[in-house]
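What follows draws every value from the coordinates through simple rules; no lab data is involved. All values derive from a computational prediction rather than experimental measurement. Note that we place each Cβ from the backbone using ideal geometry, even for glycine, and neighbour counts take in every protein chain shown.
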Protein chains: 2
Amino acid sequence: MLNFEYDNKTKIIFGKNTEVEVGNYTKLHGKKVLLHYGRNSIKKYGLYNSVIASLKENNIEFVELGGVQANPRIALAKEGIELSKKENVDFILAVGGGSVIDSAKAIALGHYYEGDAWEHFFIQGNQPTKVLPVGVVLTLPAAGSESSVVTVMTKKDGEIKKGYHHDSLRPVFAILNPELTYTLPNYQTSCGVVDIIAHVFERYFSNTENVELTDRLCEGIMTTVIKNGPIALENNEDYASRAEIMWAGALAHNGILGTGRVEDWASHAIEHQLSAIFDLAHGAGLAIIFPAWMKYVYRHDLPRFTMFANKVFGVEVNESNLEETSLKGIEMLEEFYKSLDMPIRMSEVGINEDSIEIMASKTTQFTQQIGNFVKLNKQDIINIYKLAL
Amino acid sequence: MLNFEYDNKTKIIFGKNTEVEVGNYTKLHGKKVLLHYGRNSIKKYGLYNSVIASLKENNIEFVELGGVQANPRIALAKEGIELSKKENVDFILAVGGGSVIDSAKAIALGHYYEGDAWEHFFIQGNQPTKVLPVGVVLTLPAAGSESSVVTVMTKKDGEIKKGYHHDSLRPVFAILNPELTYTLPNYQTSCGVVDIIAHVFERYFSNTENVELTDRLCEGIMTTVIKNGPIALENNEDYASRAEIMWAGALAHNGILGTGRVEDWASHAIEHQLSAIFDLAHGAGLAIIFPAWMKYVYRHDLPRFTMFANKVFGVEVNESNLEETSLKGIEMLEEFYKSLDMPIRMSEVGINEDSIEIMASKTTQFTQQIGNFVKLNKQDIINIYKLAL
């Protein structure tokens, strides 16, 4: 186990009907709010009205900016930054999924900065001196952004998707009501499940030794989500499975699972090209990339892939052939993704070999190598895309 | 899963040599410190000097109060409260195990209160308006007090042991260096392991349905500690096992495992009489009480006790006889405690039947029933003590 520091300021408010209290939590942090959301769903299902009512009840002023889309665009966030400055807001309230929260974090970052926030933070990686506090009402368990330090934004004109992380970006509160996920299309629920598991993978596949405790926590989160994902798809209004998935989504990415271990994150970088260029949902992209990545790297640590197969999918260990056990685990993962109606090959989403070179170039645009479990250069990344065809 | 709120302000600083940075973390919160510790061990092994050096380096003034013993006494905490007021300290630094931290929390509670802190907080259960911040350098993974909201104090003249919890009692930082546990006597390491597992039990044995995620996290912590406890006893300077135990100790009691579920805490209340009256180490008392409690209540939920036996101790499930599987799990737990050289019966520590009546009376002194998994009245408690004879 490596030395680490960990703290997490996000207050989680979890459970039925909790969103009606959003004003009570907001007023602890701000008086004038930028209410940030996506497209129509929060209005369609009444969440918008509940949030507005709670803000009004607590005498909180607000201005609004909707329209956040999947793979949230820096252009909209820049609008938000201008609005937040002009209106002198002191709090950003994100009502939505990871895209809305990430966009809210980008606005929070830019509020106190005078220049181009994309260039300054995302491209140059500078530290902020001050950011606005962000609060969350979560509608889609997936990205884990509700209690993470990360935001991932897309600059469409250059088709660049970039992450930025800073401790100050952890939301001050996150309201998680599993009932709000009842109306999600199954495709989005599935993408969320894939994303949650992917966040665990990025920590689980590590070369750091003696990390048994976090290994066990990772496995616990994976098995829970793998069991409950299909239940939620089958019965969209099953509170129990929705709750397991929602809490798992936050814990998978709040930083606990990575304590004391080197994380990987190659697959996320490889996937980002699929979603940035083809606007594929991030979860669907991960369902395609992770099995390919695994097939490319599993020989690097057969005992770990054997452990994965056994502990997560219950594959019986063949001690004389760990390779077979490892491959069986990867196969089970693909079967699981298929059971969620997720694509597992690029061809299923219309991406073919012609795009591989450009995607691999973009993946290595800012760095020659990615990943830590196995360091990958551009040729490795090309090979992984080929395995994903 | 029940509705819940969760947040945890404690910053964890984990790993080798981290204690030399204590001044850097302290100065973020205070300028004049009450340094609180136990008896000789921190001086004997050089920790005292490291801490003092770091405080001086950071120009932090300090006064000292040592002498905290196991089952920390409210009398010493009252001395600490007087000293903290007289010296106008603005921070309490606890260097030690759970007893020292609990005592530091009691001082932090009392600092801003004019009357009798024991009576006001512990007995009457009043809320504090303000408490001093507490920082921790942990030397014994066990109580989990380093990132918990709880303090448990003992008033010796009445032989009363009482817990008190409040969000403001979470330490602002906790430095966890597994190397500092190398010099622990094996008896203390064992008591710590028992205590950590007990904190998981108090959450795991719950009637709340659909809590799979936290069930899995509980099992992950239990299996890790059960595996690594004996390794640390065998080789006191094995960093890996010491680290697993230390991080597990914090996670077992930081509140995550109890999210969304009703906790039990009957066994802790029943044990408190053993440690309050006979000054037995809390961990040793728990090793005696938990198997007895389990034997008394397991029929209440055979599937859960079967799951425990299977997931934690690898007992094969006999579907046609869950009772047998459950009992086998309890037997394995007793065997595990014995392997740690822990007592599993009161007779081993010189407590006999004559004390049962008074212990049961004290357990029900402030409440007619204890526990939630199974509600226990005085006669139930007597029966459990008898099973522990």
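Some notes on this structure:
- Expected-Rg normalisation [2.2 N^0.38 Å, Cα atoms] applied to segment B:11-180: 0.94
- Taking all pairs of distinct alpha-carbon atoms in segment A:310-389, Kirkwood radius in angstrom: 14.7 Å
- Within 10 Å of each Cβ in A:220-228, the average number of Cβ atoms from other chains: 4
- Neighbour net charge for A:PHE121 - beta-carbon separation under 15 angstrom, K R +1, D E -1: +1
- For segment A:384-389, 3J(HN,Hα) per residue [Karplus equation, 6.51 cos²θ - 1.76 cosθ + 1.60, θ = phi - 60°, Hz, x = Gly/Pro]: 5, 4, 5, 5, 8, 5
- The 3J(HN,Hα) values that the Karplus relation (6.51, -1.76, 1.60; θ = phi - 60°) gives for segment B:64-79 are, in residue order, 10, 9, x, x, 5, 10, 4, 6, x, 8, 5, 4, 5, 4, 5, 4 Hz. Gly and Pro appear as x.
- Filtered trypsin sites (Lys or Arg not before Pro), segment B:265-373: DSSP coil and at most 16 other beta carbons within 10 Å: B:ARG345
- Segment B:304-369-segment B:35-53 distance, computed between alpha-carbon centres (Å): 37 Å
- Cβ-defined net charge surrounding B:VAL315, 10 Å radius [Lys, Arg +1; Asp, Glu -1]: -1
- Size-normalised alpha-carbon gyration radius of the protein assembly as shown, reference 2.2 N^0.38 Å: 0.97
- Estimated [θ] at 222 nm from DSSP helical runs (n ≥ 4, -39500 (n - 2.57)) normalised by residues in chain B, nearest 500: -14500 deg cm²/dmol
- Scalar couplings 3J(HN,Hα) for segment A:132-145, obtained by applying the Karplus form with A = 6.51, B = -1.76, C = 1.60 to θ = phi - 60°, are 6, x, 10, x, 9, 10, 8, 10, 9, x, 6, 6, x, 5 Hz; x denotes Gly and Pro.
- In segment B:29-124, the C-alpha radius of gyration followed by the widest Cα-Cα span (Dmax) gives 13.2, 42 angstrom.
- Size descriptors for segment B:99-143, from the alpha-carbon set: Rg then Dmax equal 11.6, 33 Å.
- Residue-count net charge about A:ILE52 - beta-carbon cut-off 13 Å; Lys, Arg +1, Asp, Glu -1: -2
- Whole-angstrom gap from segment A:118-153 to segment B:88-148, using each part's C-alpha centre: 35 Å
- Computed magnitude of the charge dipole of chain A (debye, nearest 20; Cβ of K, R +1, Cβ of D, E -1): 880 debye
- Shape call, segment A:204-305: gyration tensor on alpha carbons, a/c limit 1.5: oblate
- Positive-end residue, chain B charge dipole about Cα centroid, Cβ charges, pick of B:LEU132, B:GLN365, B:ALA388: B:LEU132
- Cα gyration tensor shape of segment A:149-274, rounded if a/c is under 1.5, else prolate or oblate by comparing a/b with b/c: oblate
- Among A:SER206, A:SER347, a tally of other beta-carbon atoms within 10 Å of each Cβ gives an order, fewest to most, of A:SER347, A:SER206.
- Pairs of alpha carbons in chain A separated by more than 41 Å make up 10% of all such pairs.
- Spread of Cα-to-Cα distances over 10 Å intervals beginning at zero, given as percent, for segment B:185-387: 9, 36, 38, 16, 1
- Considering only Cα atoms, the convex hull volume of segment B:192-235 works out to 47 Å³ per residue.
- Per-residue mean of foreign Cβ neighbours for B:207-215 is 5 (Cβ atoms of other chains, 10 Å radius).
- Relative contact order, percent, segment B:238-331 [alpha-carbon distance under 8 Å, six or more residues apart]: 18 percent
- Residue-averaged beta-carbon neighbours from other chains (10 angstrom radius) around A:343-356: 0
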